[in-house]
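The values are calculated or read from the model by the stated rules, or taken from the named source; none is laboratory data. Fair warning: this is a prediction, and the values are worked out from it, not measured in the lab. Cβ placement follows ideal geometry from the backbone for every residue including glycine, while neighbour counts extend to all protein chains displayed. Note: accessible area is taken over every heavy atom of the protein model, side chains too, but ligands, DNA and RNA are not part of it. Shrake-Rupley method; radii C 1.70, N 1.55, O 1.52, S 1.80 Å.
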Amino acid sequence: MKIQVAEHSGYCYGVKRAVNILESLISDHQKVYTLGPIIHNKQVTDYYEQNGVLVIDNISDLRDNEIESVSVVIRSHGAPKHIYDEAAARGIKIHDATCPYVKKIQNTVSTYTTKGYNIIIVGNAVHPEVIGINGWCENQALIIENFEQLELIKDFNRPTCVVAQTTYSIKQWEILSKEIESRLSDVIIFNTICHATEQRQQAVLDLAGKVDLMVVVGGKHSSNTIKLAELCAKQVKTIHIETKDDLISVDLIGSKIVGITAGASTPDWIIQSVILKIENEGEVIF
Ligand code: SF4
(Lines give C-alpha, C1' and ligand atoms only; values in the text may rest on other atoms or scores of the structure.)
Protein backbone atom coordinates (compact mmCIF):
# COMPACT_ATOMS: atom_id res chain seq x y z
CA MET A 1 0.00 0.00 0.00
CA LYS A 2 1.25 3.46 -0.87
CA ILE A 3 0.49 6.54 1.22
CA GLN A 4 0.41 10.03 -0.21
CA VAL A 5 0.01 13.03 2.03
CA ALA A 6 -1.64 16.10 0.50
CA GLU A 7 0.37 19.29 0.43
CA HIS A 8 -0.70 21.93 2.97
CA SER A 9 -2.02 19.45 5.55
CA GLY A 10 -2.33 20.29 9.23
CA TYR A 11 -1.86 23.51 11.22
CA CYS A 12 -2.27 26.69 9.21
CA TYR A 13 -0.54 29.98 9.98
CA GLY A 14 -3.41 31.35 12.13
CA VAL A 15 -3.73 28.22 14.25
CA LYS A 16 0.05 27.97 14.77
CA ARG A 17 0.06 31.59 15.87
CA ALA A 18 -2.84 31.09 18.33
CA VAL A 19 -1.25 27.97 19.81
CA ASN A 20 2.09 29.79 20.17
CA ILE A 21 0.42 32.67 22.05
CA LEU A 22 -1.23 30.18 24.41
CA GLU A 23 1.99 28.20 24.90
CA SER A 24 3.97 31.31 25.78
CA LEU A 25 1.42 32.31 28.43
CA ILE A 26 1.50 28.80 29.91
CA SER A 27 5.29 28.80 30.03
CA ASP A 28 5.13 32.18 31.78
CA HIS A 29 3.09 30.35 34.48
CA GLN A 30 0.14 32.63 33.91
CA LYS A 31 -3.38 31.53 34.75
CA VAL A 32 -5.01 31.29 31.32
CA TYR A 33 -8.60 31.08 30.14
CA THR A 34 -9.59 30.76 26.49
CA LEU A 35 -12.81 32.19 25.14
CA GLY A 36 -14.16 28.99 23.59
CA PRO A 37 -11.81 26.11 22.72
CA ILE A 38 -8.51 27.48 21.33
CA ILE A 39 -8.97 25.33 18.22
CA HIS A 40 -11.52 22.79 17.03
CA ASN A 41 -9.52 19.75 18.01
CA LYS A 42 -10.52 17.80 21.10
CA GLN A 43 -7.14 16.09 21.61
CA VAL A 44 -5.36 19.46 21.64
CA THR A 45 -7.90 21.13 23.94
CA ASP A 46 -7.76 18.11 26.31
CA TYR A 47 -3.98 18.52 26.42
CA TYR A 48 -4.26 22.21 27.36
CA GLU A 49 -6.96 21.49 29.93
CA GLN A 50 -4.54 19.07 31.59
CA ASN A 51 -2.06 21.95 31.66
CA GLY A 52 -4.47 24.16 33.55
CA VAL A 53 -6.09 26.11 30.69
CA LEU A 54 -9.76 26.69 31.34
CA VAL A 55 -12.31 27.23 28.57
CA ILE A 56 -14.99 29.85 29.24
CA ASP A 57 -17.95 30.52 26.94
CA ASN A 58 -18.45 34.17 27.86
CA ILE A 59 -16.34 36.93 29.29
CA SER A 60 -19.12 37.40 31.86
CA ASP A 61 -18.20 33.94 33.26
CA LEU A 62 -15.10 35.61 34.74
CA ARG A 63 -15.69 36.60 38.36
CA ASP A 64 -14.55 40.04 39.53
CA ASN A 65 -12.16 38.52 42.07
CA GLU A 66 -10.36 36.55 39.30
CA ILE A 67 -9.69 39.45 36.93
CA GLU A 68 -6.33 40.47 38.41
CA SER A 69 -4.80 37.01 38.09
CA VAL A 70 -6.17 35.77 34.77
CA SER A 71 -5.30 36.27 31.09
CA VAL A 72 -8.00 35.58 28.50
CA VAL A 73 -7.01 34.40 25.04
CA ILE A 74 -9.24 35.14 22.07
CA ARG A 75 -8.83 32.27 19.63
CA SER A 76 -7.99 32.41 15.92
CA HIS A 77 -11.69 32.55 14.96
CA GLY A 78 -11.92 35.96 16.65
CA ALA A 79 -14.75 37.37 18.76
CA PRO A 80 -17.48 40.01 18.45
CA LYS A 81 -16.66 43.63 19.30
CA HIS A 82 -18.76 43.62 22.48
CA ILE A 83 -16.31 41.11 24.03
CA TYR A 84 -13.44 43.61 23.70
CA ASP A 85 -15.66 46.41 25.04
CA GLU A 86 -16.71 44.36 28.05
CA ALA A 87 -13.13 43.26 28.76
CA ALA A 88 -11.90 46.86 28.59
CA ALA A 89 -14.70 48.06 30.87
CA ARG A 90 -13.87 45.41 33.49
CA GLY A 91 -10.06 45.66 33.17
CA ILE A 92 -9.67 42.07 31.89
CA LYS A 93 -6.31 41.25 30.27
CA ILE A 94 -6.95 40.08 26.69
CA HIS A 95 -4.41 38.29 24.49
CA ASP A 96 -5.79 38.52 21.00
CA ALA A 97 -4.96 35.45 18.87
CA THR A 98 -7.51 36.35 16.18
CA CYS A 99 -5.98 35.27 12.87
CA PRO A 100 -4.92 38.38 10.92
CA TYR A 101 -7.00 37.17 7.95
CA VAL A 102 -10.10 37.11 10.15
CA LYS A 103 -9.19 40.47 11.69
CA LYS A 104 -9.06 41.93 8.19
CA ILE A 105 -12.65 40.77 7.52
CA GLN A 106 -13.79 42.24 10.85
CA ASN A 107 -12.19 45.56 9.87
CA THR A 108 -13.79 45.44 6.42
CA VAL A 109 -17.35 44.89 7.68
CA SER A 110 -16.83 47.50 10.40
CA THR A 111 -15.62 50.09 7.87
CA TYR A 112 -18.42 49.42 5.39
CA THR A 113 -21.06 49.45 8.12
CA THR A 114 -19.81 52.90 9.11
CA LYS A 115 -20.13 53.94 5.45
CA GLY A 116 -23.79 52.86 5.50
CA TYR A 117 -23.53 49.56 3.61
CA ASN A 118 -25.54 46.40 4.23
CA ILE A 119 -23.31 43.44 4.96
CA ILE A 120 -23.70 39.91 3.61
CA ILE A 121 -21.51 37.18 5.09
CA VAL A 122 -21.31 33.98 3.07
CA GLY A 123 -20.76 31.25 5.62
CA ASN A 124 -22.18 29.23 8.48
CA ALA A 125 -24.25 31.42 10.82
CA VAL A 126 -23.44 29.37 13.93
CA HIS A 127 -19.69 29.17 13.34
CA PRO A 128 -17.72 31.28 15.89
CA GLU A 129 -15.80 33.08 13.14
CA VAL A 130 -19.04 34.23 11.48
CA ILE A 131 -20.63 35.15 14.82
CA GLY A 132 -17.47 37.19 15.54
CA ILE A 133 -17.51 38.97 12.15
CA ASN A 134 -21.20 39.77 12.54
CA GLY A 135 -20.32 41.30 15.90
CA TRP A 136 -18.23 43.90 14.07
CA CYS A 137 -21.17 45.08 11.98
CA GLU A 138 -23.70 45.55 14.76
CA ASN A 139 -25.03 42.00 14.29
CA GLN A 140 -26.93 43.27 11.27
CA ALA A 141 -25.36 41.07 8.56
CA LEU A 142 -27.43 38.83 6.34
CA ILE A 143 -25.74 35.42 6.57
CA ILE A 144 -26.05 33.09 3.60
CA GLU A 145 -24.65 29.59 3.51
CA ASN A 146 -26.24 27.98 0.46
CA PHE A 147 -28.15 28.55 -2.75
CA GLU A 148 -31.59 28.18 -1.12
CA GLN A 149 -30.81 31.12 1.17
CA LEU A 150 -30.23 33.40 -1.82
CA GLU A 151 -33.96 33.99 -1.66
CA LEU A 152 -33.33 36.11 1.45
CA ILE A 153 -31.61 38.72 -0.71
CA LYS A 154 -33.69 41.60 -1.88
CA ASP A 155 -32.38 44.69 -3.63
CA PHE A 156 -31.73 46.84 -0.59
CA ASN A 157 -31.98 50.62 -0.83
CA ARG A 158 -28.38 50.88 0.32
CA PRO A 159 -25.17 49.49 -1.22
CA THR A 160 -24.04 46.08 -0.03
CA CYS A 161 -20.65 44.68 0.97
CA VAL A 162 -20.15 40.90 0.70
CA VAL A 163 -17.47 38.87 2.50
CA ALA A 164 -16.89 35.13 2.99
CA GLN A 165 -16.06 32.95 5.97
CA THR A 166 -12.33 32.19 5.58
CA THR A 167 -12.95 28.44 5.25
CA TYR A 168 -15.87 28.59 2.81
CA SER A 169 -15.74 26.27 -0.22
CA ILE A 170 -14.00 28.05 -3.12
CA LYS A 171 -16.05 26.29 -5.79
CA GLN A 172 -19.33 27.22 -4.06
CA TRP A 173 -18.15 30.80 -3.48
CA GLU A 174 -17.39 31.26 -7.19
CA ILE A 175 -20.99 30.44 -8.12
CA LEU A 176 -22.72 31.99 -5.11
CA SER A 177 -20.86 35.33 -5.25
CA LYS A 178 -21.71 35.73 -8.98
CA GLU A 179 -25.35 35.02 -8.19
CA ILE A 180 -25.35 37.61 -5.38
CA GLU A 181 -23.75 40.16 -7.71
CA SER A 182 -26.46 39.58 -10.32
CA ARG A 183 -29.24 40.20 -7.78
CA LEU A 184 -27.97 43.53 -6.43
CA SER A 185 -27.56 46.84 -8.23
CA ASP A 186 -24.87 48.31 -5.94
CA VAL A 187 -22.53 45.76 -4.45
CA ILE A 188 -18.86 45.38 -3.56
CA ILE A 189 -17.60 41.82 -3.15
CA PHE A 190 -14.48 40.72 -1.25
CA ASN A 191 -13.27 37.15 -1.63
CA THR A 192 -12.03 36.68 1.93
CA ILE A 193 -11.50 32.91 1.76
CA CYS A 194 -8.01 32.58 3.17
CA HIS A 195 -5.10 31.48 1.04
CA ALA A 196 -4.37 28.52 3.34
CA THR A 197 -7.92 27.23 2.74
CA GLU A 198 -7.60 27.67 -1.02
CA GLN A 199 -4.27 25.84 -1.12
CA ARG A 200 -5.57 23.05 1.10
CA GLN A 201 -8.76 22.53 -0.91
CA GLN A 202 -6.88 22.58 -4.22
CA ALA A 203 -4.31 20.08 -2.90
CA VAL A 204 -7.02 17.57 -1.89
CA LEU A 205 -8.79 17.98 -5.22
CA ASP A 206 -5.49 17.16 -6.95
CA LEU A 207 -4.80 14.17 -4.71
CA ALA A 208 -8.29 12.63 -4.40
CA GLY A 209 -8.39 11.80 -8.11
CA LYS A 210 -5.22 9.71 -7.85
CA VAL A 211 -5.96 7.50 -4.82
CA ASP A 212 -8.37 4.68 -3.86
CA LEU A 213 -9.18 6.06 -0.43
CA MET A 214 -8.87 9.49 1.21
CA VAL A 215 -8.38 9.70 4.96
CA VAL A 216 -9.25 13.16 6.27
CA VAL A 217 -7.88 13.79 9.76
CA GLY A 218 -9.36 16.47 11.99
CA GLY A 219 -11.98 17.49 14.53
CA LYS A 220 -15.56 16.40 13.84
CA HIS A 221 -16.64 20.01 14.52
CA SER A 222 -13.86 21.62 12.49
CA SER A 223 -15.48 23.51 9.64
CA ASN A 224 -12.48 23.36 7.31
CA THR A 225 -11.97 19.62 7.97
CA ILE A 226 -15.63 18.89 7.19
CA LYS A 227 -15.28 20.85 3.92
CA LEU A 228 -12.18 18.82 2.98
CA ALA A 229 -14.04 15.56 3.64
CA GLU A 230 -17.00 16.74 1.52
CA LEU A 231 -14.70 17.67 -1.36
CA CYS A 232 -12.90 14.32 -1.24
CA ALA A 233 -16.14 12.33 -0.96
CA LYS A 234 -17.30 13.74 -4.28
CA GLN A 235 -14.33 12.05 -5.96
CA VAL A 236 -13.39 8.93 -4.02
CA LYS A 237 -14.20 6.77 -0.97
CA THR A 238 -13.43 9.00 2.03
CA ILE A 239 -13.18 8.55 5.78
CA HIS A 240 -13.16 11.46 8.24
CA ILE A 241 -11.37 10.53 11.48
CA GLU A 242 -10.24 12.49 14.53
CA THR A 243 -7.39 10.19 15.55
CA LYS A 244 -5.82 6.88 14.58
CA ASP A 245 -8.22 5.14 16.97
CA ASP A 246 -11.15 5.94 14.66
CA LEU A 247 -9.47 4.09 11.80
CA ILE A 248 -10.21 0.38 11.52
CA SER A 249 -8.17 -1.98 9.34
CA VAL A 250 -11.23 -3.06 7.39
CA ASP A 251 -11.51 0.52 6.02
CA LEU A 252 -8.21 -0.01 4.24
CA ILE A 253 -9.09 -3.26 2.48
CA GLY A 254 -8.82 -3.00 -1.29
CA SER A 255 -6.95 0.30 -1.33
CA LYS A 256 -3.61 0.33 -3.09
CA ILE A 257 -3.02 4.05 -2.70
CA VAL A 258 -4.28 5.96 0.34
CA GLY A 259 -4.32 9.75 0.38
CA ILE A 260 -4.14 11.67 3.63
CA THR A 261 -5.06 15.23 4.38
CA ALA A 262 -5.70 17.08 7.62
CA GLY A 263 -7.63 20.14 8.71
CA ALA A 264 -6.02 23.40 9.73
CA SER A 265 -6.43 22.54 13.42
CA THR A 266 -4.88 19.07 13.30
CA PRO A 267 -1.46 18.86 14.96
CA ASP A 268 1.38 17.04 13.27
CA TRP A 269 1.62 14.33 15.95
CA ILE A 270 -1.93 13.16 15.18
CA ILE A 271 -1.22 13.07 11.41
CA GLN A 272 1.99 11.08 12.00
CA SER A 273 0.23 8.56 14.25
CA VAL A 274 -2.41 7.97 11.53
CA ILE A 275 0.32 7.42 8.91
CA LEU A 276 2.06 4.95 11.21
CA LYS A 277 -1.14 3.00 11.81
CA ILE A 278 -1.89 2.77 8.08
CA GLU A 279 1.68 1.65 7.41
CA ASN A 280 1.37 -1.06 10.05
CA GLU A 281 -2.15 -2.26 9.38
CA GLY A 282 -2.69 -1.64 5.67
CA GLU A 283 -2.62 -4.51 3.20
CA VAL A 284 0.81 -5.44 1.92
CA ILE A 285 0.64 -5.30 -1.87
CA PHE A 286 3.14 -7.56 -3.71
S1 SF4 B 1 -7.65 28.85 8.05
FE2 SF4 B 1 -6.82 30.81 7.33
S3 SF4 B 1 -8.07 32.35 8.36
FE4 SF4 B 1 -8.39 30.45 9.46
S5 SF4 B 1 -6.89 30.50 11.10
FE6 SF4 B 1 -5.95 29.42 9.39
S7 SF4 B 1 -4.79 31.00 8.27
FE8 SF4 B 1 -6.27 32.04 9.60
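Numbers below:
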item: Dipole magnitude of the range 13-98 about its Cα centre (Cβ charges: Lys, Arg +1; Asp, Glu -1), debye to nearest 20; result: 280 debye
item: Cα gyration tensor category, rounded, prolate or oblate, for the range 101-189 with a/c compared to 1.5; result: oblate
item: At most 11 other Cβ within 10 Å, DSSP loop - trypsin sites (Lys or Arg not before Pro), the range 1-82; result: R63
item: Peptides ranked, highest mean first, by Cβ atoms within 10 Å: ranges 125-137, 190-202; result: 125-137, 190-202
item: Descending semi-axes in Å of the chain, equivalent ellipsoid built from Cα gyration tensor; result: 35, 28, 12
item: Karplus-derived 3J(HN,Hα), 6.51/-1.76/1.60, for each residue of the range 216-232, Hz, glycine and proline x; result: 9, 10, x, x, 5, 9, 7, 4, 5, 5, 4, 4, 4, 5, 5, 4, 5
item: For the range 13-98: accessible area per residue (Å², 1.4 Å); result: 50 Å²
item: Theoretical gain in end-to-end length, D61 to D186 [0.36 nm per residue, Cα-Cα removed]; result: 40.8 nm
item: Heavy atoms of Y11: accessible area, 1.4 Å probe, square angstrom to 10; result: 60 Å²
item: Count of lysine pairs in the range 13-98 with Cα separation under 22 Å (8 or more residues apart, or interchain); result: 6
item: Heavy-atom accessible area per residue - the range 123-243, 1.4 Å, Å²; result: 46 Å²
item: Extension gain from I257 to N139, taking 0.36 nm per residue of separation minus the Cα-Cα distance; result: 37.8 nm
item: Calculated [θ] (222 nm, deg cm²/dmol) that DSSP helices of n ≥ 4 give over the chain, each run adding -39,500 (n - 2.57); result: -12000 deg cm²/dmol
item: Highest average packing first - 103-115, 138-150, 227-239, Cβ atoms within 10 Å; result: 227-239, 103-115, 138-150
item: Whole-angstrom gap from the range 38-53 to the range 204-277, using each part's C-alpha centre; result: 22 Å
item: Amide H contacts under 5 Å for V5, placed H, 5+ residues apart; result: I260
item: ³J(HN,Hα) computed for each position of the range 201-215 - Karplus, 6.51 cos²θ - 1.76 cosθ + 1.60, integer Hz, glycine/proline x; result: 5, 5, 5, 6, 4, 5, 7, 4, x, 10, 10, 8, 8, 10, 10
item: Accessible area of the chain belonging to carbon and sulfur atoms, whole % at 1.4 Å probe; result: 51 percent
